[in-house]
Amino acid sequence: MKQSVQQLLRERAFLLFIAGFFVFCSPARLFWATESMPWYSPYLVWSGIILLTWLLYRWLKRHAL
Amino acid sequence: MHFELWQLFVSGVAYLGLLFVIAWIVDNKLWFGKLAHHPLIYSLSLGVYATSWSFYGSVGFAERQGYSFLTIYLGVTLAYLLSPFLFSPILKLSKEHQLTSFADLFAFRYQSQVIGIVVTLFMLLGTMPYIALQIHAVTASMQVLTNEAAPITISLGFCLTLILFAILFGARHSSAREKHEGLVVAIAFESIVKLFALLSVGLFALFSIFDGFSGLQQWLLEHPEKKQELVAPVMDGSWNSLIFLSFCAALFLPRQFHMGISENFNQRSLWTASWVFPFLLLLLNLPIPIILWAGQYLPTTTSADFYVLGITLHSGKGLLPLFTFIGGLSAASAMMIVTTLALANMIMNHFVLPLTFPRKLSHKTNIYQHLLQGKRILIAIIIMAGFGFDLLLSKHQGLAQLGLISFVAVAQFLPGTIGLLYWRRANRLGFLSGLLAGSIVWAYALILPLLVNAQFISAAVYHTIPTFSSLVNSDDNWGAVTFASLSANFMLFVIVSLLTRASKAEDENASNCCAITLTPPKGFMLLRSVSHIQEQLALLLGENMSALEMEKALKDLSMSRQDTNPVHLRQLRERIERNLSGLIGPILAKVVVNEKLTLDTDSRDFFAKSFRYMENRLEDSKTRLEGVAGELDDMRRYHRQVLQDLPLGVCSIGASGEVINWNRAIEKLSGIPAENILGEPIQTLPSPLGELFYSFIQGEEQQLRKIQVHLNNNLRIFNLHKSSLISAFGGLYLNADINRDKNTELSSSEGVVLLVEDLSDLQELENRLAHSERLASIGRLAAGVAHEIGNPVTGIASVTQNLIAEDDAEYLQQNLTQHLEQVLNQTRRITTIIQSLSSFSRSGNYLKPPRKPVLLKQCVDEAIHLVTLSHKTKHQSIVNQCSDKHILSGDEQQLIQVFVNLINNASDASLNEETISISSIKEQEKIMVEIIDQGKGISDIDKKKLFEPFFTTKEAGEGMGLGLSIVYNIIHDHGGDIKVMDNINNHHKRGSKFIISLPVCELTE
């Protein structure tokens, strides 16, 4: 059965949240929170999450209209 | 470089004045009237989250705890990723029920004024440190720029100025339900100002102090410990706790709810905000490490919390420090204005109004003015309370510490919110128990030390009880407090909810709040008109307020004052309750409406009204239903569409006779739109349909055929069919065949389905076909007619010529009369032929044949006479053996047409010298007429299709194949029947026999 746009949005938003949780809250943050990484590395990771969010809502705009 | 206090004060007031002007222009729609509706403006207005803690305190936080300062914003980013699960449902609920704060939301869900009070109190107490933080930041920033301690009067002056602007921004209208477009745009502008201010300081630090990126890189290489200080705290235990706290803050802080939910104009703006707002926060925090390092690089005398200002003093110009000060002031004042408005609204709805709302308003009481004045007073009290908190308690506290105290406080609403959205079993006792437990832990761990520091509690007394930090013994104090308070909260919330029962009202609202369900109404209005409802409301609200609320509700629903439809009145009641909820809070609104607009839950036609009501609600909530409910709703819509598109008129009528369904076909044939008749009794249909349908429904017959109805000056012909809707064992069945004995125990009728078939066009077509066939018959007779008329004309001509030529006068005298009689006989013969043709060519009344006595023998004779006009039949014998006592009831011309067609067919099938006989016998109430020929007969295959239109065995051009079809229709219209069989006789099996049965004329009885 074809999923509604709402269901797809919820799924993708949740996956994105998991991704965000993973990079910011899990021990995976060691990858960007090290002295060898540039001082702006957390901002790069943060920008990546924001970019993915933007892509998600761009998709939603196209399909919900 | 330093500034004077008055310069800073004037700049501050001028900036706030500018914000007010922007808000005023937008509110009065002088310019950019719709700007507030733009998703970007909405997203920027959420930047009120970044207060003076973000502007100043982040740098201090970064110095003490490295990158941990980012947690305050990463939690918000994660919260907005879960918008579809958190913000969207809260937004929908708030809009639907006009809830303007979390206190409203919880009070609504758990149906308790006490909860509204407790939540408001706790929110007020929890937000005080945050307000104090803003006042503290502004006065401290003035101290940095003026290089002197700001007297208390300056803080007081700042607070009084802010009271004025808070009232101007948000207390010009009486109600929280009015949107403040100007405020939204002003806060968005403020976000841009503080962003530019911080970015300017960052750029100054980068390019003027470090000489660009390369300079900064070089300095970091020389001081590697600086980067390490930033990075090390990331793996601390407090990292995740702080992210969690900011996640909760994004949801529960009063200013976030106010800007994000109450001032939201369009749900779709939330989609844009989900990435724009985190991006704004990212930009705000981008310069923080650079400012920190610049502050550590320069010989500044300020604490790290105020490096933002301190480093700008090295610019050598006044503009940057002043702009930075304005940025900080902007951040602080926006927070205070919005928070104060939100708190004032909560206190109004949950404290002041429940205590002071008059039992009965007089016509002199203006409730709107009452609300407005109350709100203004509350704004002043809240800001002054923040001032008092700052004065007495917030000394020696870092900005971040004060902010985090508020964060832990608002996080206590998380269990209740989960229950609100996803757990129906949650009840008010559970929520209250959990909240109290969490708040006690919070107060013990965070507020008590504040009171000790401010010397409100003696240190000696404090140390007699175990402190929280000694009990927990953790490096991560914030994490420990959060964990302990939320654990106590969650545990009691769940346990008490499971052990106690929710009230009925709570159950109902639990369904409303838990996303997917749509609950059917619990009753319909006892009051039957809009004016009655308004009168009842006026008894409690006063006439003025009642009239205004009624106008608003009617306008919202696009309803007319004259509407008496019970479903619409029920919706009006709901709308009034919702609108009042935005004005006086959900609990008080419910009390007002329940007291004066009572419902009838026992009416017999409840099902019919509920059906219509639920249909309306389902139409409104198209996108809300998901999963199985969504699939079922799609199926419902499909079946409803099928019903709507049927070419047959369909209407269903409830047990009390009111119309429930009225499809497009019946709209078209009756000329009555659905919205005019739905919910109304069937008898209210305009005459003659109302009486016709009503009497048919009441009658015993299941069908009525070919009913003639005059509608809009047109004659229409309908077939009516009906079926009862039977309710058995709680289910509904459509059963036309069920024994409708009213004594049947198993069934009780829940209404009727009426099917209306419009035969008008079909009948018109049949009439034209029959007339065409009749004319075609005459056409086939034309040659014979010409011959038949020619003979007497020849005879007349001969006699006349003879008379002219006759010379003998005596002969003429003796024989003239005889000759003239011959002429007269011939003219009579012509007249008879013409009269027969003329009467036969008339279309006759096919709609409903007039019931007149018709002599069968005479009818058949006339038919034979017409048929014998044809040349062919002259060599055949057509014998009329019908009894002259047999009398039929019907239309003579139509019956003649029947016999003409049948005799013609028999003649066509027969050879010369063969006989065609027509005879009749009477059997009980019927007369059986047999038309027998000795022709070629009809095959069994042809017999099956014989009476179908356009079926013929003749060559092309010899007939259209309509004759027998018309015969069939005429016979059936006369209440008779026709069949065909082989003419089997003793000698040979040749020929056909048509048997017509027709009812005897009652006059002959």
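The values are calculated or read from the model by the stated rules, or taken from the named source; none is laboratory data. If you're wondering where the values come from, they're calculated on a predicted model, not measured in any experiment. Neighbour counts are summed over all protein chains in view; Cβ atoms, including those assigned to glycine, are modelled from backbone coordinates with ideal geometry. Note: areas computed on protein heavy atoms with side chains; ligands, DNA, RNA excluded. Shrake-Rupley method; radii C 1.70, N 1.55, O 1.52, S 1.80 Å.
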Roll a 1.4 angstrom probe over the protein heavy atoms and tell me the percent of accessible area of region A:5-64 that is carbon or sulfur. 72
What FRET efficiency would be calculated for the residue pair B:LYS922, B:ASN714, taking the C-beta separation as r and a Förster radius of 51 Å, to the nearest 0.05? 0.80
What pairs in B:LYS857/B:LYS993; B:LYS857/B:LYS954; B:LYS943/B:LYS979; B:LYS95/B:LYS504; B:LYS29/B:LYS194; B:LYS92/B:LYS375 have C-alpha atoms more than 20 Å from each other? B:LYS857/B:LYS954; B:LYS95/B:LYS504; B:LYS29/B:LYS194; B:LYS92/B:LYS375
Once normalised by the length of region B:1-151, the mean sequence separation of its alpha carbon contacts under 8 Å that are 6 or more apart gives a contact order in percent of 27
Volume per residue of the C-alpha convex hull in region B:861-956, rounded to whole Å³: 132
Theoretical gain in end-to-end length, B:LEU498 to B:PHE9 [0.36 nm per residue, Cα-Cα removed]: 170.4 nm
Mind putting together the pair-distance distribution for region B:1-87? All Cα pairs, 5 Å bins, whole percent per bin, short to long. 3, 10, 11, 16, 15, 14, 16, 9, 4, 1, 0
Name the residues of region B:61-99 whose accessible area falls by at least 30 Å² when all protein chains are present instead of the chain alone, probe 1.4 Å? B:TYR67, B:LEU70, B:LEU74, B:THR77, B:LEU78, B:LEU81, B:LEU82, B:PRO84, B:PHE85
With a 1.4 Å probe and ligands and nucleic acids left out, the total accessible area lost when B pairs with A, in Å² to the nearest 100, equals 3700
Counting only protein heavy atoms and leaving out ligands, DNA and RNA, the solvent-accessible surface of B:TYR811 at a 1.4 Å probe, in Å² to the nearest 10, equals 90
Taking R0 as 51 Å, what FRET efficiency do you get between B:GLU913 and B:ARG664 from their Cβ-Cβ distance, rounded to the nearest 0.05? 0.25
Suppose each label sits 7 Å from its Cα in the direction of the beta carbon; what would the A:GLU11-B:ILE381 distance come out to in nanometres? 5.2
Name the residues of region B:278-300, by number, that are at least 30 Å² less accessible with every protein chain in place than in the isolated chain; the surface is that of heavy atoms, probe 1.4 Å, without ligands or nucleic acids. B:LEU282, B:LEU286
Counting only protein heavy atoms and leaving out ligands, DNA and RNA, the solvent-accessible surface of B:ASP563 at a 1.4 Å probe, in Å² to the nearest 10, equals 30
For peptide A:42-55, how many partner chain Cβ atoms fall within 10 Å of a residue's Cβ, on average? 5
Send over the semi-axes of region A:5-64's equivalent ellipsoid, whole angstrom and largest first, taken as the square roots of 5 times the C-alpha gyration tensor eigenvalues. 28, 13, 4
B:LEU762: net charge of surrounding residues, Cβ under 12 Å, Lys/Arg +1, Asp/Glu -1, itself excluded? -2
Within 10 Å, Cβ to Cβ, of B:ILE187, how many net charges do the neighbouring residues add up to if Lys/Arg are +1 and Asp/Glu are -1? -1
Quick one: length gained pulling B:PHE207 to B:VAL628 fully straight, 0.36 nm per residue minus the C-alpha distance? 145.5 nm
At R0 = 35 Å, FRET efficiency that the Cβ-Cβ distance of B:HIS865 and B:ALA809 yields, to 0.05: 0.30
By the C-alpha gyration tensor axes a ≥ b ≥ c (rounded if a/c is under 1.5, else prolate when a/b exceeds b/c, else oblate), the shape of region B:520-603 is rounded
Residue-count net charge about B:ASP645 - beta-carbon cut-off 13 Å; Lys, Arg +1, Asp, Glu -1: +3
Computed Rg/Rh of region B:141-282, alpha carbon atoms with Kirkwood Rh: 1.05
Counting only heavy atoms of the protein chains, get the accessible area per residue of region B:520-603 (1.4 Å probe) and round it to a whole Å² value. 40
Each label point is 7 Å from the Cα along the Cα-to-Cβ direction; what then is the distance between the points at B:THR564 and B:THR831, in nm? 6.7
Label-point separation, B:GLU222 to B:ASP884 (7 Å along Cα→Cβ), nm: 14.4
